[in-house]
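Notes follow once the structure below has been shown.
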Amino acid sequence: MRSDLIEDLRERLHNRQGDGLHRYRSTLQSPQQPRVLIEGQEYLAFCSNDYLGLANHPQLVAAACEGARLYGVGAGASHLISGHSAAHHALETALAAFIGFPKAVLFSTGYMANSGVISALVGRHDAVFADKLNHASLNEGVLLSGARFFRYPHLDVAILEQQLSASPARRKLVITDSVFSMDGDIAPVEALLALCQKHEAWLMLDDAHGFGILGARGRGIASHFNISSPRVIYMATLGKAAGVFGAFIAAQPEIIETLVQHARSYIYTTASPPLLSHALLKSLELIESEEWRREKLARLIACVKGELQSLRWKLLPSSTPIQPLIIGEADAAVELSAALRARNILVPAIRPPTVPQGSARLRLSLSASHSVEDVARLGTALKELDGSL
């Protein structure tokens, strides 16, 4: 490789570090839980999406071991060759029934689901309308599709209606996060669906942070708003509240079969290990039956709001386990995160380009495995730092 190319990369990395945007990986030496071990040191962690505390649940660990004995540790092939296991099929059936959709199909990751679905359903003569704060995977899917790309201001259904009315596109697709991963707020799904019905559009809901948390027994955003429509394409991930790994799309049978035939991120990749699907069947049982986990999360969310309301930094008005504390500039957010880490508390600093300039933040993620005492410890540390930084 030419030395000038390496030098260019070196300069870009140096500039990124100078802008306070360089990221580092921490290597966990323990399971995902409120107290984690990093380089021999224990930390109280508020940085995981394991919202229901299932990632290290003994019943899921046992189910994964049983799945390994039944199916081995690798799928060995793509779903359309010989990698589609009875465990995959059982989980797809269970997921569709759980959220009340006709049919579901598994994808290896949420990123692959979003990019694969959008590029399979729309193309050059179509139009996609997206909330400005949508996850990057949704935006990537639009770019891959070649469809015309319209972004509306965050939660602004009035501007969205103007865009839909003005579009002569053959097919129209509205895409949105249901729970926005960096703000923790919830999309106005009822209003979005009404617009899609009015303008003959599809509505794709990315429920990565709502599945297992929102709705009756954790059935997600559609249950939360009590909506049902053949226009809805539903995506959820299985590595957050469900505690394992993967993602799925649920929709009308014709849409699901179209994805099986045309979604490149489904067709051209090895199927996920069947043991994960076997474990997820147990996860679904726990999500549905253990309501106390969502009730505890609600208490912890209220506790966070009480603990942090007196700080000079603004806590965004989220009713979800995602509680963002707006700091402002990237270097200030990094400094505060580092100061917490020095007190053995992990809270990530989220910086541009993940969030807009000037809105760097600490993203507090709550789990049903946290305690009120954990939240109080965090609150005490932040109050001390509020007076010293």
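The values are calculated or read from the model by the stated rules, or taken from the named source; none is laboratory data. Everything numeric here is computed off the predicted structure, so don't read it as measured data. Because the Cβ atoms are built from the backbone with ideal geometry, glycine has one as well, and the counts that use them run over all protein chains shown.
Just to be sure before I move on: is residue 106 within 20 Å of residue 250 (Cα to Cα) and either touching a helix residue (DSSP H, G or I) at 6+ places or on another chain (Cβ under 8 Å) or surrounded by 12 or more Cβ atoms within 10 Å (Cβ to Cβ) (or both) in the structure I sent?
Answer is yes for this residue.
Check segment 225-234 and report whether any residue there is among the charged types (D, E, K, R), free of Cβ contacts under 8 Å to residues at least 40 places away in the same chain and surrounded by 24 or more Cβ atoms within 10 Å (Cβ to Cβ). It would help to see each step written out before you state the result.
Within segment 225-234, the subset among the charged types (D, E, K, R) is 231.
Narrowing the set further to residues that are free of Cβ contacts under 8 Å to residues at least 40 places away in the same chain leaves 231.
So of that shortlist, the ones also surrounded by 24 or more Cβ atoms within 10 Å (Cβ to Cβ) come out as none.
No, because not a single residue in segment 225-234 is among the charged types (D, E, K, R), free of Cβ contacts under 8 Å to residues at least 40 places away in the same chain and surrounded by 24 or more Cβ atoms within 10 Å (Cβ to Cβ).
Hey, could you check segment 246-280 for residues that are aliphatic (A, V, I, L, M) and more than 22 Å from residue 138 (Cβ to Cβ) and say which is surrounded by the most Cβ atoms within 10 Å (Cβ to Cβ)?
280
In segment 1-37, what count of residues is obtained for those that are polar (S, T, N, Q), in a loop (DSSP other than H, G, I, E, B) and out of contact with any strand residue (DSSP E or B) (no Cβ under 7 Å at 6 or more places or on another chain)?
From segment 1-37, those polar (S, T, N, Q) are 3, 15, 17, 26-27, 29-30, 32-33; that's our starting set.
Those left that are additionally in a loop (DSSP other than H, G, I, E, B): 26-27, 29-30, 32-33.
With out of contact with any strand residue (DSSP E or B) (no Cβ under 7 Å at 6 or more places or on another chain) added as a condition, the list becomes 32-33.
Residues in segment 1-37 being polar (S, T, N, Q), in a loop (DSSP other than H, G, I, E, B) and out of contact with any strand residue (DSSP E or B) (no Cβ under 7 Å at 6 or more places or on another chain): 2 in total.
Hey, could you check segment 43-97 for residues that are of a type in the set (Ser, Thr, Tyr) and out of contact with any strand residue (DSSP E or B) (no Cβ under 9 Å at 6 or more places or on another chain) and say which is farthest from residue 29 (Cα to Cα)? It would help to see each step written out before you state the result.
The first filter runs over segment 43-97 and keeps only residues of a type in the set (Ser, Thr, Tyr), leaving 43, 48, 51, 71, 78, 82, 85, 93.
Cutting the leftovers down to out of contact with any strand residue (DSSP E or B) (no Cβ under 9 Å at 6 or more places or on another chain) gives us 71, 82, 85.
Details: 71: 27, 82: 35, 85: 31 Å.
Result: 82.
Name the single residue, out of those in segment 336-389 being of a type in the set (D, E, K, R) and without any contact (Cβ under 8 Å) to a residue 40 or more places away in the chain, that is nearest to residue 240 (Cα to Cα).
Within segment 336-389, the match that is nearest to residue 240 (Cα to Cα) is 373.
Quick one: which helices (runs of 4 or more DSSP H) sit completely within segment 38-153 and have at least 1 residues that are among the charged types (D, E, K, R) and touching a Lys or Arg at 6+ places or on another chain (Cβ under 8 Å)?
Helices (runs of 4 or more DSSP H) meeting the threshold: 86-99.
For segment 22-43, which positions are at pLDDT below 90 and either more than 24 Å from residue 381 (Cα to Cα) or more than 26 Å from the chain's Cα centre (by Cα) (or both)?
Within segment 22-43, just 22 meets the criteria.
If we scan segment 52-71, do we find a residue that is exposed (fewer than 15 other Cβ atoms within 10 Å of the Cβ), without any contact (Cβ under 8 Å) to a residue 40 or more places away in the chain and touching a helix residue (DSSP H, G or I) at 6+ places or on another chain (Cβ under 7 Å)?
no
Restricting to segment 300-357, and then to whatever is assigned to a loop (DSSP other than H, G, I, E, B), closer than 23 Å to residue 39 by Cβ and not basic (Lys, Arg), can you tell me which residue is farthest from the chain's Cα centre (by Cα)?
Out of the qualifying residues, it is 344.
Tell me which residues, restricted to segment 355-366, are surrounded by fewer than 18 Cβ atoms within 10 Å (Cβ to Cβ) and at negative phi.
Applying the first criterion (surrounded by fewer than 18 Cβ atoms within 10 Å (Cβ to Cβ)) to segment 355-366 yields 356-358.
If the condition is that a residue be surrounded by fewer than 18 Cβ atoms within 10 Å (Cβ to Cβ) and at negative phi, then 356, 357 are the ones that fit.
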